[in-house]
Structures are given as C-alpha cells and as structure tokens.
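Trainee: Below: one structure in structure tokens.
The values are calculated or read from the model by the stated rules, or taken from the named source; none is laboratory data. These numbers come from a predicted model, not from an experiment. Neighbour counts run over all protein chains shown; Cβ positions are idealised from the backbone, glycine included. Side chains included, ligands, DNA and RNA excluded: accessible areas come from the protein's heavy atoms. Shrake-Rupley method; radii C 1.70, N 1.55, O 1.52, S 1.80 Å.
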Amino acid sequence: MKSYREYTAEELALDDSFQSWAKSGNGAQTVFWHTWLRDNPDRAEVVQEARRLLGLLEEKPFMDLSDEQVRADIAQIRESVLRNKDDRPKAGIVSLFGLSGWWRAASAAALVLGLGWLLWQYQHKPADFLSLPASGKTQTDVAQNYFNETTADMEVQLPDRSRITLAPGARLSYDENISEERVAHLDGEAFFRVTHQPEKPFLVYANGLVTKVLGTSFRVRSWAKDADSQVTVVTGKVSVFAAESNGLTRDDKGNILNGVILTPNQSVDFVSTSGTFHRYLVKEPVKIIPVPEESFEFTSTPVIQILEKIGQAYGIELVYDEQTLKDCALTASLSDESMKEKIQLICAGINATYEEIDARIIITSKGCR
C-alpha cells in the first residue's frame, strides 16, 4: 500500500491511481481518494495542486512521455510561480521557452495568456474543507461547504435542488462535478431529501461509511469523533457500504460484500473500527402507502391476509409459514395501534410469537387447528 501522505504534488500527478480518479472519476478510485482525503484533510492543498497540474498539462497526455520528463516540466512550472508568488503575474509574463518542445507546441498562445494568472490564483487560495475542483475546472467549480454554527437546524438547498437539514454543529461539503456522481462529505447529523437523477447518483461519505441513492429521503448520523454511524431511510431505497482504505470489498463478480440495502422504516448502524453492520427496524415504523386506519378492522379474516396488508402498508417483510397459519382467522380492531402493536395483538390472538431479525419480523406459530 502506497504511503500517499509523503507524496508531493508532482508525485501525485504521476501516480496511476490518482490520474485515473482525477481525469475520469473511476468508481473504485473515487471511493478510495475521497476516503483518503477524509482521513488526511491536511493534505487537501497538495491534492488540489496535483489536480491543477494535471489540468494544466492536459494539452498532451502523460502516457507517451517518460516520468522524468513530466516531473521536470511540472517542477519547472511550479518553480517559476514560487519565485514570483508575492507578485501577481500579468498576462504573458510566464515564459514557456525553457520547457521541452512538446509543451511549447501545445496551444502556446492560450497557455501563455492564462497559465500565470491561474497558478497565482491557486497558490493564494486557501484549501477548502474536503473540497477538490474537478480536473480542468475553474476556480468557481470547487465544492460548496456548509457549517451549521447555530443551535437550531439549518436548511440548505443544493444546486441540484436537493434539500439538506443540518443539525447543530454539522458540516457538509458538496461537489456535483466529480465524474458522473453528486458527492457530499458529512461530519455530523443531517436529513437528506435528494432530487431524483437516475443518471447521476448521490453519494454521502461519512466516517468510513458511504450512502448511495438516486433520489430519496434519509437521515445520516455520523460524527468523526464517534466510532458508530447510523443511516435511516424514510422513502426510497438506499445502498450503504463501507469505504475501506483499499476501496470496496467485492466478490469475483464485482458485487459489493461489505454493505447493505435499506428500504423505508429501516436503519443500519455501522461500526467503523470493525467494519460491521447491524440492520433493524425503526422504533416506530410509519405507513409508506396511503392505507386508511379503518381498513384495519377485521371480522373472521384469515390471518395471512391481515399480515399481508400490514406488510404492504408499512413496507415491512413479515416471515411466517403460510401452511401453518392457513387455518388461522381473527376478528380484531387494529386501527389505533402502531405497527408493532398490531403484530403483538395478532400473535396474542393466535398463540404465536415473533422476533425482529435483520429488519424483518419473524412469526412463529403452531397453527390454529
């Protein structure tokens, strides 16, 4: 495993993994580099400089040049800027005649006009909170940062029209210009209402945990100072997985192994120190489809039908043996009870028991003959 903490900006710019992420936003590399940045926020400025150098050298690909030639060219650009870092360069001031021939041939007029100003701006810009401009983007395309310094919840609307409610003390960094994804970094607690964009997933990185959605509403609680993180889904479907130091754990078919899928009324706890997940139902599940309470009035109704209605109304998976319950019927009024109270009353009426395992309700019965 490479120790990227010791890399200079030039060395990062020459690294295959870094180039893959900075230039094309490869999925596995995106997870690795965002996780690495979260764990090494003091190196954000070095990474920004490396990406900027890649953007400036995009006029000709690196792959047909030797590492020594590229390193020399990058170092020469930086040296020319550092010598004049206290003086704002004027258009045309930076000389390119000392660089190798391929660089002079690469759109020389445009580079002479813009290179000096761009590098001076970069050298004088403070590092943002976990934010990186996409390769080749301008200074206005960096991540947007939000920090709730108040004692009340703070509402934030992102450029994609998603709405975020930040809890007091929570910090969010958002960038929709990274590859084909919308990317947010969170430290704290926040409720997300994400605008549906099937072609551009929304990812939330938080304390070793990645939450991926297309468009839904969910809550993330993940403070950097804590080992545990929690994700709770209100609507839609959410993928939650661990962002390990070397990327995702996958099987030979590419399927993610260290993660879970969440649906409404489900939560998951993630322990970053062990990389373990615990999925469970929320304390008070709510109906996910508009079923009037009076429809939970039953007269000699087969229990299987009652359970099916409850499962559909709350989006909960109820597991039971249909053959065992086929002779069970119930007359009951379940209009005023919560979902879990409904299950308790049904089980009491047919002499059954239940338990919750992995966000599912498992019902055990000996039948009603």
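Trainee: Would you mind computing, in nm to one decimal, how far apart the modelled labels at LYS366 and ASP321 are, each placed 7 Å from Cα along Cα→Cβ?
Mentor: 1.2 nm
Trainee: Restricting attention to the alpha-carbon atoms of the stretch 210-369, what are Rg (one decimal) and Dmax (integer), both in Å?
Mentor: 18.5, 58
Trainee: Taking 45 Å as R0, compute the FRET efficiency from the Cβ-Cβ separation of GLU284 and THR8 and round it to 0.05. Before the final figure, lay out the partial values.
Mentor: Details: r = 54 Å, r/R0 = 1.19.
With a Förster radius of 45 Å, E is 0.25.
Trainee: What ³J(HN,Hα) values, in whole Hz, does the Karplus curve 6.51 cos²θ - 1.76 cosθ + 1.60 give for the stretch 295-312 when θ = phi - 60°, with x put for Gly and Pro?
Mentor: 3J(HN,Hα) across the stretch 295-312, in whole Hz: 6, 9, 9, 10, 10, 6, 8, x, 4, 4, 5, 4, 5, 4, 5, 5, x, 5.
Trainee: Are there any GluC sites (Glu not before Pro) in the stretch 291-356 that are in a DSSP loop and have at most 11 other Cβ atoms within 10 Å? List them by number.
Mentor: Numbers: sites: GLU293, GLU294, GLU297, GLU308, GLU317, GLU322, GLU337, GLU341, GLU355, GLU356; in loops: GLU337.
Listed in order of number, the matching sites amount to none.
Trainee: I'd like the Karplus ³J(HN,Hα) series for the stretch 343-354: coefficients 6.51, -1.76, 1.60, θ = phi - 60°, whole numbers in Hz, and an x wherever there's a Gly or Pro.
Mentor: Calculated HN-Hα couplings, in order: 4, 4, 5, 4, 4, 5, x, 10, 6, 10, 10, 9 Hz.
Trainee: Rounded to two decimals, what is the ratio between the C-alpha radius of gyration of the stretch 286-329 and 2.2 N^0.38 Å? Display every interim value, and only then the final one.
Mentor: Numbers: Rg = 11.1 Å, N = 44, 2.2 N^0.38 = 9.3 Å.
Output field value: 1.19.
Trainee: What number of lysine-lysine pairs in the stretch 274-369 show an alpha-carbon separation below 21 angstrom, given a sequence spacing of 8 or more or placement on distinct chains?
Mentor: Lysine pairs satisfying the spacing and distance rule in the stretch 274-369 number 13.
Trainee: May I pose another question? With every protein chain left in place, what is the accessible area of PHE202 in Å² (1.4 Å probe, nearest 10)?
Mentor: The accessible area of PHE202 comes to roughly 0 Å².
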